[in-house]
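The block underneath contains the structure these notes are about, expressed in structure tokens.
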Amino acid sequence: MSASMNLPARSQSGVSLIEVLVSMLVLALGMVGLAALQARTVSYQLGSGQRAQLSGLLADYAERVRSNLNQAPGVAKPSAYLYDVSWAAQSADVAAASVDCAATGVSCSGVDLARYDMAQWRAAVRRGLPRGSVRVTGDARTGIEVTFMWTDKDRTQDGVNGRTLVASAECKTGTTGMARQSCCPDGVPDGTRCANFTVVP
């Protein structure tokens, strides 16, 4: 029997440093992926909440116009239910109506009620959406165009020098389909989201 036959068999115990490092790398990549997924999920939830707000705000506007049809756009000219003001001009807080039609004992004309309705509604838009602004044009007979505008700091794209805000598509005369639903009026800053609706009271 040779001497080599008497040596005990070598057994591997524990793990090598390289195996530990590879395991840590795989774990770190998985954690980074989970963090990115979580951030994207929160962003989608925020966007979904804002879209739900739009539905309620649009219904609120339509009901206000229907309850005061004598002052609806196209019936009364000019109508206080229209609001064709640029984004930049809406930077300040919404001013209260000159007559508070909700106060006890106050008698409001149709014009007063329309002004009060718009002040209340525009304030609700400002509270409900980040820097929420509106543009309302059109005619009650053919359709009132309601455009909601709000800032979205997550509306970014990967740029050469980091993440930059996306420029919003401008509404043109020939814009139709899905592009028409999300285009913005001229002059809105980058990172602005818009949603366009038509209301026929």
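The values are calculated or read from the model by the stated rules, or taken from the named source; none is laboratory data. Only a predicted model underlies this, so the values are computations on that prediction, with no experimental measurement involved. In this analysis, Cβ positions are derived from the backbone assuming ideal geometry, glycine residues included, and neighbour counts consider all displayed protein chains.
Side notes on the structure shown:
- Selection status of Ala103, of a type outside the set (Lys, Arg) and under 19 Å from Asp84 (Cβ atoms): no
- The set of residues from segment 95-115 being touching a residue at least 12 places away in the same chain (Cβ under 8 Å) and touching an Asp or Glu at 6+ places or on another chain (Cβ under 7 Å) comprises Val99, Cys101.
- Among the residues making up segment 169-185, those that are touching a Phe, Trp or Tyr at 6+ places or on another chain (Cβ under 9 Å) and not in a strand (DSSP E or B) are Gln181, Pro185.
- Residue within segment 92-101 that is at pLDDT below 90, surrounded by fewer than 17 Cβ atoms within 10 Å (Cβ to Cβ), farther than 15 Å from Asn196 by Cα and in contact with a strand residue (DSSP E or B) (Cβ under 9 Å, 6 or more places away or on another chain) present: no
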